[in-house]
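Below is one structure, written out as structure tokens; comments come after it.
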């Protein structure tokens, strides 16, 4: 039945890492992810894990050490946020292209500048095309569950891709809430032992990892990477199914909340989805047919699933906690609207809302106002202002 | 769902107090949230922390703007921070001060609800020999909000103190005394 506990998101994730007991953790502290290596290094010191903990001198080195260890054949985990992720940049692509199943928590925080330590999604959204699978979690429970599933997804023989476990800095990472933990032995049994097929420390198979890959080969290797990302959808669903059988907690590529008869929908990631569910219930009590879609996976993008869920709505607001700065709309908006077009779901009017930048608080009332906007949008002939801001002081003028 | 907002100064332990309250409520079977509002952290600067306590799972992840209760750990904040902002008049404000409720009410911008005071400094110094306002404040919050049964609260705290102070059990009786006195000395 699991263990009833109350933990912050970071404590929960550090405990999942203790239960997984990886071979190597290399990390450099950065707010708000610092507590993860902090708690974890205590587990190392107290002999709770057998992990080799590598306290490196920068995030670039953290990811480099993870890559080296993973290529050698180790099971590897790390954590970072914001500028730490930025400093890992070139190594993120090395990790994914070498097909190394590293699992990293990205505790979402605004990337500087100007300097801000609070939550938005500009860090992980910036890394969305680096070849990492990205899972997003609403609560400490989901952050914990996702990291356990992430290990299985990353190491699956058809995937071999690194996975980012994204959850909101401070809001989830530092807030103490109820959680149900799994027993240590159940986590260990679920993730299983890691036996890589090919690895550098295999004396019976001498291989090179990461050599020059010029015109005749790189294209095909990139294709293989893309294929793995495409296959990841089915693997994620399979792992979620097994996790459901273990825990009773049911997950999918997206979560739909009261979408069956919804006329107006919001698509939103992470902790704001919880606040939005409250808004949905309040508006439903007033007779408005509203619903919510929360993608639980952003890479691979569950485009078909989101488009299908939206096919009967009149209008949809796609909320991004990162401004794409592309002149069109946030990253979740552009991917969602592309998916709608590809899947021939063109009836709903779609609006991009940028919200919560740099930790701007998002209230239930804010989300209610979005649904009310959608009601107006649905009745308008021509909607031209599709790139909007929620909670911006003074509005766009 | 009960929503509580804490006002303190950096270093006084308002965040810790909010987490202790969350713990105590958790131990009586509730769903809880305990979280601080992180700002520019420095000793002495005003800080805010929050609690949600409910019989149902809690989904909202925003700060609290219309609290049922407000706790002020340092009465010097009354003139600096709008502590009663959004506070429901059916609720109450609990202030750590040597003053009486009638003496502090004029500082509360016309707040119409209950005003409760507790002299956490005297209780803390008498029972613990030092100024740790958390323990007496926690008991005052339990007394005023009735978020849990007082006896169950005392029993739970005794267990957590035994765990927390495993290496210095001699401080446990003082802490328990601080809780008991505080439960009896809240004024309104």
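Points to keep in mind about this one:
- Counted residues, the range A:275-287 - those being more than 17 Å from residue A:353 (Cβ to Cβ) and out of contact with any strand residue (DSSP E or B) (no Cβ under 7 Å at 6 or more places or on another chain): 6
Okay, residues lined up against (1) modelled with pLDDT under 95; (2) surrounded by 21 or more Cβ atoms within 10 Å (Cβ to Cβ); (3) over 16 Å from residue B:144 (Cβ atoms):
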site: B:15; (1), (2), (3): yes, yes, yes
site: B:39; (1), (2), (3): yes, no, yes
site: B:42; (1), (2), (3): yes, no, yes
site: B:52; (1), (2), (3): no, yes, yes
site: B:65; (1), (2), (3): no, no, yes
site: B:79; (1), (2), (3): yes, no, yes
site: B:94; (1), (2), (3): no, yes, no
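- Which listed residue is crowded, with 23+ Cβ neighbours inside 10 Å, outside the structural domain of residue A:125 (by TED's automatic domain parsing) and in contact (Cβ under 8 Å) with a residue 24 or more places away in the chain, from A:322, A:307, A:339: A:322
- Answer residue from the range A:280-293, given it is touching a residue at least 40 places away in the same chain (Cβ under 8 Å) and either part of a loop (DSSP other than H, G, I, E, B) or surrounded by fewer than 24 Cβ atoms within 10 Å (Cβ to Cβ) (or both) and is farthest from the other protein chains (Cβ to nearest Cβ) among those: A:288
Residues are listed down the side, and each one gets a yes or a no for (1) within 14 Å of chain B (Cβ to nearest Cβ); (2) touching a strand residue (DSSP E or B) at 6+ places or on another chain (Cβ under 6 Å):
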| site | (1), (2) |
| --- | --- |
| A:153 | no, yes |
| A:160 | no, no |
| A:164 | no, yes |
| A:168 | yes, yes |
| A:171 | yes, no |
| A:183 | no, no |
| A:190 | no, no |
| A:194 | no, no |
| A:197 | no, no |
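- Residue in the range A:241-256 that is over 30 Å from residue B:21 (Cβ atoms), in a loop (DSSP other than H, G, I, E, B) and touching a strand residue (DSSP E or B) at 6+ places or on another chain (Cβ under 8 Å) present: yes
- The set of residues in the range A:334-369 that are under 22 Å from residue A:118 (Cβ atoms) and more than 14 Å from chain B (Cβ to nearest Cβ) comprises A:352, A:353, A:354, A:357.
- All positions within the range B:81-105 that are over 13 Å from residue B:7 (Cβ atoms) and in a strand (DSSP E or B): B:92
- Condition met for residue A:361 (out of contact with any helix residue (DSSP H, G or I) (no Cβ under 9 Å at 6 or more places or on another chain) and part of a loop (DSSP other than H, G, I, E, B)): yes
- So residue B:10, is it within 19 Å of residue B:153 (Cα to Cα) and under 17 Å from the mean Cα position of the chain (by Cα): no
- Checked against (1) in contact with a helix residue (DSSP H, G or I) (Cβ under 6 Å, 6 or more places away or on another chain); (2) buried (at least 19 other Cβ atoms within 10 Å of the Cβ); (3) in a loop (DSSP other than H, G, I, E, B), residue A:317 passes all but a single condition, namely (3).
- Among the residues of the range A:83-119, those identified as within 14 Å of chain B (Cβ to nearest Cβ) and buried (at least 24 other Cβ atoms within 10 Å of the Cβ) are A:107, A:108, A:109, A:110, A:119.
- Annotation note: of A:261, A:234, the sole residue that is under 20 Å from the mean Cα position of the chain (by Cα), farther than 23 Å from residue A:73 by Cβ and without any contact (Cβ under 8 Å) to a residue 60 or more places away in the chain is A:234.
- Qualifying residue in the range A:1-17 (condition: at pLDDT 95 or above, assigned by TED's automatic domain parsing to the domain that holds residue A:139 and closer than 30 Å to residue A:205 by Cβ): yes
- Of the strands (runs of 3 or more DSSP E) lying entirely inside the range B:1-80, those containing at least 1 residues that are within 11 Å of chain A (Cβ to nearest Cβ) span B:31-37, B:46-54.
- Restricting attention to the range A:247-279, the residues that are surrounded by fewer than 22 Cβ atoms within 10 Å (Cβ to Cβ) and at positive phi total 2.
- Matching residues in the range A:36-68 - criterion: being surrounded by 22 or more Cβ atoms within 10 Å (Cβ to Cβ) and within 24 Å of the chain's Cα centre (by Cα): A:36, A:37, A:40, A:59, A:62, A:63, A:65, A:66, A:67
The values are calculated or read from the model by the stated rules, or taken from the named source; none is laboratory data. Just so you know, these numbers come straight off a predicted model, no measurement behind them. Note that each Cβ is placed from the backbone with ideal geometry, even for glycine, and that neighbours are counted across all protein chains shown.
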